[in-house]
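The structure appears right after this line, and notes come after that.
The values are calculated or read from the model by the stated rules, or taken from the named source; none is laboratory data. Computed from a predicted structure; not experimentally measured. Using ideal geometry, Cβ is built from the backbone for each residue, glycine included, and neighbour counts are taken over all protein chains shown. Just the protein is used for accessible areas: all its heavy atoms, side chains included, with ligands, DNA and RNA removed. Shrake-Rupley method; radii C 1.70, N 1.55, O 1.52, S 1.80 Å.
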Amino acid sequence: MIRSSDRHPAFEEYCECIFELGEDDFDVIRARIAERIGVSRASVSQMIEKMRKAGLVTADGQVISLTTSGLELAQKVVRRHRLAERFLTDVLGLSWAEAHYEAGKWEHVMSDSVETAMNRLLGSPTTCPHGNPIPGSSYIFPDLLPLGSLTAGSSFTVARIPEELEFTPGLLDYLQSSSMLPGRSGQIARINTDGSVAVEIEGRSIDVDSFASARILVTA
């Protein structure tokens, strides 16, 4: 059992990163952790060894996996991050990008009692503002497809903006201002020659580049 007093911010950040990479169906290797967190591969190797000794991860060759204790810690941090994002957007009115940045700080200092109160105030949400499931909630996993896999003329409803896209500068603001929000419905107008997708949504016409359209998850 990981108690609040046992939490180590660096361990929390790494466990969260490993969890989210796995959630996005990546093989969790040191290079990807380094890229996501923004540190050197040498720093990642040193931290992974510390976490292995602490019983939080295992390393099978290049692939890093969370142990039961590591998963417990990761889910706690991710849950607090996504609840904080909900509070910051739904109650305080911050933008997606602002909420993501601020929640990255709140996740490390939130107490059990504040987490419980925030969840109660928000009505026990099942997802963050971007549609990603909140661990420990009653979220039901639907059948999802990448936006870019659809054909011209297909209708869709936005379901999830995966964590990977939250780390792409400017993208969250663009998607939010373009009404590419979970629960909003649209139609594929055309597939462009550069791999981007032209979308009609909420009475607007927007282009979603190939990187984002391959990752935004929708129901069709």
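Values computed for the structure shown
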{"read-out": "Residue, farthest from the chain's Cα centre (by Cα), within segment 180-195, restricted to residues that are open to solvent by 80 Å² or more (accessible area, probe 1.4 Å) and farther than 16 Å from Ser154 by Cβ", "value": "Thr193"}
{"read-out": "Test: residue in segment 85-93 that is basic (Lys, Arg) and more than 23 Å from Gly22 (Cα to Cα)", "value": "no"}
{"read-out": "Condition met for Leu144 (of a type in the set (A, V, I, L, M) and within 30 Å of Ala198 (Cβ to Cβ))", "value": "yes"}
{"read-out": "Among (1) within 19 Å of the chain's Cα centre (by Cα); (2) in a strand (DSSP E or B) - the single one Ala31 does not satisfy", "value": "(2)"}
{"read-out": "Residue that is surrounded by 21 or more Cβ atoms within 10 Å (Cβ to Cβ) and part of a loop (DSSP other than H, G, I, E, B), where the choices are Pro135, Pro142, Pro129", "value": "Pro129"}
{"read-out": "Matching option when the condition is part of a strand (DSSP E or B), modelled with pLDDT of 95 or more and surrounded by fewer than 18 Cβ atoms within 10 Å (Cβ to Cβ), among Ala159, Ala117, Ala198", "value": "Ala198"}
{"read-out": "Flag if Leu83 is part of a helix (DSSP H, G or I), touching a residue at least 40 places away in the same chain (Cβ under 8 Å), more than 15 Å from Glu164 (Cα to Cα) and open to solvent by 50 Å² or more (accessible area, probe 1.4 Å)", "value": "no"}
{"read-out": "Complete set of residues in segment 100-114 that are assigned to a helix (DSSP H, G or I) and closer than 14 Å to Val78 by Cα", "value": "His100, Tyr101, Glu102, Ala103, Gly104, Lys105, Trp106, Asp112"}
{"read-out": "Residue pairs meeting the criteria (Cβ under 6 Å; at least 6 apart or on separate chains; first over 17 Å from Glu166 (Cβ atoms) and touching a residue at least 12 places away in the same chain (Cβ under 8 Å), in segment 25-46; second polar (S, T, N, Q) and open to solvent by 60 Å² or more (accessible area, probe 1.4 Å))", "value": "Ile29/Gln62"}
{"read-out": "Residue within segment 167-179 that is in a helix (DSSP H, G or I), open to solvent by 70 Å² or more (accessible area, probe 1.4 Å), in contact with a helix residue (DSSP H, G or I) (Cβ under 6 Å, 6 or more places away or on another chain) and within 27 Å of Leu21 (Cβ to Cβ) present", "value": "yes"}
